[in-house]
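The values are calculated or read from the model by the stated rules, or taken from the named source; none is laboratory data. The structure displayed is predicted, hence computed values, not measured ones. Because the Cβ atoms are built from the backbone with ideal geometry, glycine has one as well, and the counts that use them run over all protein chains shown.
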């Protein structure tokens with residue numbers, strides 16, 4: 001996909017993006033923009049036909065029409081964090097001591113200034129209505145299609161989502177599941193906890209946007225950049241942040257802003273981005 005409208009300016013690293021936003025270099029003065037609403041979303045899910053379940057907790061901040069989000073480990077967000085964000089100016093929250101607040105504030109600010117539209121490089125992909133598992137599988141297809149790999153290639157999956165693993169298997173791709181919590185996949189496979197160690201054994205990386213909030217994203221981006229590997233991000237966390245890193249270690253993003261697929265049984269939309277390749281192709 002190409003566009004006559006120039007894509008938003010990109011930067012080379014997350015910290016640089018955060019600093020530029022805080023300095024007002026990426027849009028209107030963040031000190032003059034206030035968060036109207038701050039909230040958390042908590043869920044527990046166990047899909048029909050699956051042996052296990054999981055929990056999610058997400059901090060979300062609303063700036064005008066935009067909502068920015070950052071997932072956190074359930075139960076780790078301090079009491080009072082939501083109240084501290086409501087009514088605060090964006091500049092203050094971009095320097096907040098909690099990483100999750102910084103990510104959510106940056107995501108809200110960039111969703112406000114550069115929404116997911118074709119002029120900004122986004123390609124909308126509809127998700128059909130359905131059960132939670134049906135929608136999870138549809139989202140997984142939209143994500144895995146962003147990988148350009150031959151059958152038999154091995155993918156590091158950081159942030160285990162069983163539907164993504166299932167889709168990789170259906171495409172003839174191998175994978176190494178990785179998550180800080182460890183454990184086992186739906187199929188009894190060991191989940192490794194050291195992403196960088198596993199990355200060296202893989203041909204490409206499929207990474208959750210949640211890595212922005214827990215501080216593990218940048219080493220993975222740098223690894224992909226140094227080794228020339230594809231790094232595809234599935235981003236509920238930082239859906240408007242990660243497209244800014246395309247071409248600097250990030251090869252593609254499946255951006256899914258709030259409300260997420262697991263919140264509603266109706267149709268939805270994800271937005272796919274690809275880095276511009278030599279010759280202008282995506």
Original post:
If only one of 100, 108, 104 is assigned by TED's automatic domain parsing to the domain that holds residue 39, farther than 19 Å from residue 207 by Cβ, within 15 Å of the chain's Cα centre (by Cα) and modelled with pLDDT of 95 or more, which one is it?
Top reply: 108
**OP:** Taking residue 62 as meeting all but one of (1) modelled with pLDDT under 95; (2) buried (at least 16 other Cβ atoms within 10 Å of the Cβ), write down the number of the exception.
**Re:** (1)
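Residue by residue, here is whether (1) loosely packed, with under 15 Cβ neighbours inside 10 Å; (2) touching a residue at least 24 places away in the same chain (Cβ under 8 Å); (3) at negative phi holds:
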| residue | (1), (2), (3) |
| --- | --- |
| 69 | no, yes, yes |
| 75 | yes, no, no |
| 79 | yes, no, yes |
| 85 | no, yes, yes |
| 124 | yes, yes, yes |
| 152 | yes, no, no |
Original post:
Does region 186-222 hold any residues that are in a helix (DSSP H, G or I) and either out of contact with any helix residue (DSSP H, G or I) (no Cβ under 8 Å at 6 or more places or on another chain) or outside the structural domain of residue 256 (by TED's automatic domain parsing) (or both), and which are they?
Top reply: 197, 198, 210, 222
Subject >> Residues of region 223-251 satisfying the condition of being assigned to a strand (DSSP E or B) and either over 11 Å from the mean Cα position of the chain (by Cα) or on the phi > 0 side of the Ramachandran plot (or both) >> reply: 230, 231, 246, 250
**OP:** Tell me which residues, restricted to region 92-108, are in contact (Cβ under 8 Å) with a residue 24 or more places away in the chain and surrounded by 19 or more Cβ atoms within 10 Å (Cβ to Cβ).
**Re:** 93, 94, 100, 101, 102, 103, 104, 105, 106, 107, 108
Subject >> Residue tally, condition assigned to a strand (DSSP E or B) and in contact (Cβ under 8 Å) with a residue 60 or more places away in the chain, over region 154-169 >> reply: 1
Subject >> Residue among 221, 226 that is touching a strand residue (DSSP E or B) at 6+ places or on another chain (Cβ under 8 Å), at pLDDT 95 or above and over 13 Å from residue 159 (Cβ atoms) >> reply: 221
